[in-house]
Number of protein chains: 4
Amino acid sequence: MSTDKRRFPSLMSYHVYPRRVAYYETDAMGVLHHSNHVRFFEEARVALLRDRGWMEIHQPAGPYVFAVTEQSARYFKPAVFDEALEIWTQMRRVGARLEFQYALFSQASQTVIAAGGTRLVPIDTSFRVAKLPASFLEAVDRESWDEAWPPKPQV
Amino acid sequence: MSTDKRRFPSLMSYHVYPRRVAYYETDAMGVLHHSNHVRFFEEARVALLRDRGWMEIHQPAGPYVFAVTEQSARYFKPAVFDEALEIWTQMRRVGARLEFQYALFSQASQTVIAAGGTRLVPIDTSFRVAKLPASFLEAVDRESWDEAWPPKPQV
Amino acid sequence: MSTDKRRFPSLMSYHVYPRRVAYYETDAMGVLHHSNHVRFFEEARVALLRDRGWMEIHQPAGPYVFAVTEQSARYFKPAVFDEALEIWTQMRRVGARLEFQYALFSQASQTVIAAGGTRLVPIDTSFRVAKLPASFLEAVDRESWDEAWPPKPQV
Amino acid sequence: MSTDKRRFPSLMSYHVYPRRVAYYETDAMGVLHHSNHVRFFEEARVALLRDRGWMEIHQPAGPYVFAVTEQSARYFKPAVFDEALEIWTQMRRVGARLEFQYALFSQASQTVIAAGGTRLVPIDTSFRVAKLPASFLEAVDRESWDEAWPPKPQV
């Protein structure tokens, strides 16, 4: 079952990354442990960069890497073992900083089960703030960003 | 080397949990991965409950468990493999909800390297909001809570 | 780039599960931490069960769950951040026990970078050894199992 | 409750590392996930090196690091959330390689719940096998190694 594209207002305005809940990511309550949402958000962030062709700026051995300066998440519903999820991601630039926001969508319940955000600064290998290429920043400025987040299904 | 108690204004007002950075918790930048701070915060939260004698209310097989509804963290400095850290924790009650705030302190650099917070609701095994025992809530109300967070060293 | 099917003798005799290395799975040496191979093996095992239609026997809330009684891994080469891997899996039945063996293949280097195995016993929710359905066991007996493992490319 | 030293034949011949099971390390069966034993073994290995004063040879930025070439574990009993465990560790040298063996002991049940082993080779930052200092190797040769493993309580 894939995401019902009709129920969300602007599905194409965000990047969609599919992910199932692994067994080792559940906890003794039988649900996805809240620290793993943070990891799913990172996977979704990397998948967006990869799909946009921007992975050369996110390499441990490269000139830049992104340091997370802030992250947060809100948890609305539990997710269970092997549940098919999607992480919807948007990004924007705020000065030298990059911001990402995420919504974790459950295909089974057709609801948003968590939402979150991350702020990152590009740093060089000496942990100093680095200047990103202008072409990359211009491309980021063409990404979508919804002020109301997470997106709500249209009933 | 232990925490220099003179440099912080009210050390005894928070719970202190020591933790070293494990090798598997570092990432390709050579530093503690930002998702692990969230896990350290949980360990510190559990250690506080254990040290206060409140673990019977946090058992997977018991009548209550705490569901995280919100968490956030700010990252100021990196931590490296085997670095000796301390997590300082405070908790308070806000209605039926519990709130925790944390500061991650590095013994080597004598600085706060990260800070964060968690909001939890007590739920029963059917994921319904549960009422906590009055004696527990009264004890929580005697815990310290600093509005300014993280605490700053007094130079 | 997909697996070059001509170079391996009997590719169709094992289940193939694709997986990229996440950033949080690397360590301070810049490579996939050795504990994560064990987790990748579990994901591959679950993917095999799911693809065969056997997931109803691997549910935390169901009558059976599989307890790992033994696992091992050999590590031949490092894997790096975002590297596209495949986990090749075979399973067999040995009495009441299930055995899985895995090879971790790198698409970039076209080599097997790790191999491992897991032994599991089906248990019920009281942690007692459970008897699996005959139809499932018969189906497992039709799975392939190579005594020489991991498979070697034919040059 | 501490380990009953009388019940084990040669307790002083191995290094003891205490560790509680964190909530995020449990899984949907309510027990410590089998991949985390591998991580506990690594923590115990590092604690042994630290306590012996050998940490300068295990630094990501240093001349040597240890690559795991093989690991295995056998699982006898489950461990649960917040259970107080001890990891008992021995090490020896086999040529250029180091070997560690571990037993995971539960204070509550006074039993060994898992055992395992790791083989490592010292490598330099280019992933080439490195020669360890003679003084270190001589010290390792004075470590205890029991052929029968895990140790059995004397009733």
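The values are calculated or read from the model by the stated rules, or taken from the named source; none is laboratory data. This is a predicted model, so every value here is computed, not measured. Counting neighbours? That spans all protein chains shown, and the Cβs are built from the backbone with ideal geometry, glycine included. In case anyone asks, the SASA skips ligands and DNA or RNA and just uses the protein heavy atoms, side chains included. Shrake-Rupley method; radii C 1.70, N 1.55, O 1.52, S 1.80 Å.
Based on DSSP H segments of at least four residues, each scored -39500 (n - 2.57), chain B has a per-residue ellipticity at 222 nm of -5500 deg cm²/dmol.
Shortest first, D:Phe76 label-point distances to identical copies amount to 3.4, 4.6, 4.8 nm, with the label point at 7 Å from Cα along Cα→Cβ. A label point on B:Ala139, set 7 Å along the Cα-to-Cβ line, lies at 4.4, 5.0, 5.6 nm from each of its counterparts in the other copies, closest listed first.
Only Lys, Arg, Asp and Glu carry charge here, each on its Cβ (+1 for the first two, -1 for the last two); on that basis chain A has a dipole of about 240 debye about its Cα centre.
Counting only protein heavy atoms and using a 1.4 Å probe, the accessible area of B:Ser135 comes to about 80 Å². Name the shape class, rounded, prolate or oblate, that the alpha-carbon gyration tensor gives for the protein assembly as shown, where a ≥ b ≥ c are the square roots of its eigenvalues, rounded holds for a/c under 1.5, and otherwise prolate holds if a/b is larger than b/c and oblate otherwise. Note, shape of the protein assembly as shown comes out rounded. Rounded to the nearest 5, the antiparallel percentage of DSSP beta bridges internal to the range C:13-141 is 100%.
Please compute the volume of the convex hull spanned by the alpha-carbon atoms of the range B:11-141 and report it per residue in Å³. Walk me through the numbers before you get to the answer.
Values: hull volume 15.0 nm³, N = 131.
It comes to 114 Å³ per residue, whole-number rounded.
Applying a threshold of 24 Å to the alpha-carbon distances of C:Lys77/D:Lys152; C:Lys131/D:Lys77; C:Lys77/C:Lys152; D:Lys131/D:Lys152; A:Lys152/B:Lys131 flags C:Lys77/D:Lys152; D:Lys131/D:Lys152; A:Lys152/B:Lys131 as lying beyond it. Simple rule: put +1 on each Lys or Arg Cβ and -1 on each Asp or Glu Cβ in the range C:13-141, find the dipole, and look at C:Ala103, C:Pro78, C:Gly117; the Cα lying farthest toward the positive end is C:Gly117.
Loop-located GluC sites (Glu not before Pro) in the range C:120-155 (DSSP state not H, G, I, E or B) with no more than 13 neighbouring Cβ atoms inside 10 Å: C:Glu147.
Only protein heavy atoms count here; under a 1.4 Å probe, A:Asp146 has an accessible surface of about 40 Å². In this assembly, the B-D interface accounts for approximately 1700 Å² of buried accessible surface in total, computed with a 1.4 Å probe and without ligands, DNA or RNA. Quick one: longest stretch of chain A between exposed loop trypsin sites (Lys or Arg not before Pro), exposed meaning at most 11 other C-beta atoms within 10 Å and loop per DSSP? With a cap of 11 other Cβ atoms within 10 Å, the longest stretch comes to A:1-127.
The range C:48-108: which GluC sites (Glu not before Pro) are DSSP loop and have at most 14 other beta-carbon atoms within 10 angstrom?
Values: sites: C:Glu56, C:Glu70, C:Glu83, C:Glu86, C:Glu99; in loops: C:Glu83.
Here no loop site has a sparse enough neighbourhood.
With the label put 7 angstrom out from Cα along the Cα-to-Cβ vector, A:Pro63 ends up 3.4, 6.3, 6.3 nm from the copy partners, going from closest to farthest. Among B:Met29, B:Met91, B:Met55, the largest mean-square fluctuation in a Gaussian network model of chain B (Cα springs under 10 Å) belongs to B:Met29.
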